[in-house]
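The block underneath contains the structure these notes are about, expressed in structure tokens.
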Amino acid sequence: MGAVPASAPGGTAPLRIVVRAHAMPPEHNAGAEHMLVSMLRPLVERGHDVSVWLSRYGKAHDVYDYRGIRVVPLESRLDYPTAVKRADALVAHLETVPSTASMARGYGGKLVVLCHNTHLPSFRDMAVGGTALAVYNSLWMQAEAELFFAEYPKSTRPAASLIVRPPVFADEYATKPGKAVTLINCNEAKGGKVLEALARRMPEQQFLAVRGAYGEQILPDLPNVEIVEHVDGVNMRERVYARTKVLLMPSSYESWGRVGCEAMASGIPVVAHPTPGLCESLGEAGVFVDRSDVDGYEAVLRKLLAPAEYRLASKRAKARSAELDPAADLAAWCSAIEGLKG
């Protein structure tokens with residue numbers, strides 16, 4: 001399971017694709033940014049000129065390469081407007097959409113909006129007019145967008161839309177599972193309090209608390225909880241999944257839930273709160289427990305950690321990972337971007 005094979009699109013000239021993002025790995029590692037990276041990599045492999053221009057100040061001052069993608073920090077003070085003027089496509093997501101849409105209108109560029117959540121600002125910013133392509137990360141997000149357009153009929157639909165599930169290249173994450181119960185990004189909304197409660201209830205069980213990219217982190221000072229500092233995506237296999245037996249995702253909101261799909265590549269079962277996004281991404285492999293039911297989480301964990309039950313859950317996780325092979329989604333994505341030329 002890998003990226004779309006490198007090949008020039010029918011002998012046409014490479015496209016200039018300019019992306020506006022507020023932050024990027026390795027400094028900032030969140031699901032939206034790693035989805036962006038995994039969508040840009042096949043475009044680079046197909047020979048296109050892809051650059052990501054950051055809109056916030058960060059630690060990096062010089063242009064750097066990340067997974068083959070050229071990243072231009074705000075501090076570099078290079079000429080972003082000229083890059084936009086020359087671009088064949090402008091890609092934006094999250095907070096960068098309004099400003100990128102303005103630049104697209106000013107320079108006549110083709111605007112591509114990646115929608116990572118179903119919050120009103122995401123749809124509103126995408127629907128201000130001039131969006132050539134909207135990308136939704138799930139079927140349920142697409143359905144929510146349709147409800148938005150029904151409620152706000154004066155909004156402007158994008159010229160085209162596409163579903164691209166956050167691409168996970170399973171061979172980059174697959175490993176032999178470890179022994180710990182793990183939570184990635186330990187803020188309250190992701191389930192930091194659930195992790196702490198479970199660690200207190202199960203002192204014999206090892207837990208990993210992985211510091212996230214955002215939000216106030218709940219990092220218990222307990223002998224059976226190891227704190228893992230913020231991890232770049234390229235190191236997740238060794239530093240997190242190779243040490244994880246079960247992944248917790250008691251999130252109050254997930255539009256998809258990328259880390260669950262990363263974990264399933266190794267057959268790691270995922271115990272999650274049943275958000276619409278997690279129900280869609282985890283499918284029949286997910287073990288769903290309401291985030292308010294700590295007793296339920298404890299009972300499920302104790303059952304899952306038994307060898308026979310674990311083997312069955314692990315088999316379902318690997319099967320779901322295979323179903324989520326991103327090749328078809330990425331081929332459609334590359335074709336859609338290449339279709340913007342002209």
When the range 105-128 is checked residue by residue, the ones that are of a type in the set (A, V, I, L, M, F, W, C), more than 18 Å from Gly31 (Cα to Cα) and touching a residue at least 24 places away in the same chain (Cβ under 8 Å) are Val112, Leu120, Phe123, Met126, Ala127, Val128
Quick check, is Thr100 part of a helix (DSSP H, G or I), assigned by TED's automatic domain parsing to the domain that holds Tyr136 and in contact with a helix residue (DSSP H, G or I) (Cβ under 9 Å, 6 or more places away or on another chain)? yes
Would you confirm, using the coordinates I've provided, whether Gly286 is in contact (Cβ under 8 Å) with a residue 60 or more places away in the chain and buried (at least 21 other Cβ atoms within 10 Å of the Cβ)? no
Kindly indicate whether Lys193 is at pLDDT 95 or above and in contact with a strand residue (DSSP E or B) (Cβ under 9 Å, 6 or more places away or on another chain). no
Within the range 262-269, is there a residue that is without any contact (Cβ under 8 Å) to a residue 24 or more places away in the chain and touching a strand residue (DSSP E or B) at 6+ places or on another chain (Cβ under 9 Å)? no
Could you name every one of the strands (runs of 3 or more DSSP E) located completely within the range 166-276 that has at least 2 residues being buried (at least 20 other Cβ atoms within 10 Å of the Cβ) and assigned by TED's automatic domain parsing to the domain that holds Val287? 180-184, 207-210, 244-249, 270-272
Mind telling me which of the residues Ala60, Ala3 ends up being modelled with pLDDT under 85, surrounded by fewer than 20 Cβ atoms within 10 Å (Cβ to Cβ) and touching a Pro at 6+ places or on another chain (Cβ under 7 Å)? Ala60
Within the range 292-326, work out how many residues are β-branched (Val, Ile, Thr) and at pLDDT below 95. 0
Restricting attention to the range 304-314, and to residues there that are out of contact with any strand residue (DSSP E or B) (no Cβ under 9 Å at 6 or more places or on another chain) and part of a helix (DSSP H, G or I), which single residue is surrounded by the most Cβ atoms within 10 Å (Cβ to Cβ)? Ser314
Report the residue count in the range 11-57 for those that are surrounded by fewer than 18 Cβ atoms within 10 Å (Cβ to Cβ), farther than 23 Å from Leu133 by Cα and among the polar types (S, T, N, Q). 0
Considering the range 59-80 alone, what residues qualify as being outside any loop (DSSP other than H, G, I, E, B) and free of Cβ contacts under 8 Å to residues at least 24 places away in the same chain? Tyr64, Asp65, Arg70, Val72, Leu74, Glu75, Ser76
Looking at the range 235-243, is at least one residue over 20 Å from the mean Cα position of the chain (by Cα) and among the aromatic types (Phe, Trp, Tyr)? no
Return yes when Pro158 is assigned to a loop (DSSP other than H, G, I, E, B) and under 23 Å from Met264 (Cα atoms) and no when it is not. no
Members of the range 20-42 that are small (Gly, Ala, Ser) and assigned to a loop (DSSP other than H, G, I, E, B): Ala23, Ala30
Whichever residue in the range 128-147 is modelled with pLDDT under 95 and crowded, with 16+ Cβ neighbours inside 10 Å and, among such residues, is farthest from Ala336 (Cα to Cα): Val128
Consider the range 21-51. How many of its residues are within 19 Å of Asp329 (Cα to Cα) and not hydrophobic (A, V, I, L, M, F, W, C)? 10
Failed condition for Asn235, given (1) in contact (Cβ under 8 Å) with a residue 40 or more places away in the chain; (2) farther than 19 Å from Leu195 by Cα: (1)
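The values are calculated or read from the model by the stated rules, or taken from the named source; none is laboratory data. Quick caveat: nothing in here was measured; it's all calculated off a predicted structure. Positions of Cβ are backbone-derived with ideal geometry, glycine not excepted, and every protein chain shown enters the neighbour counts.
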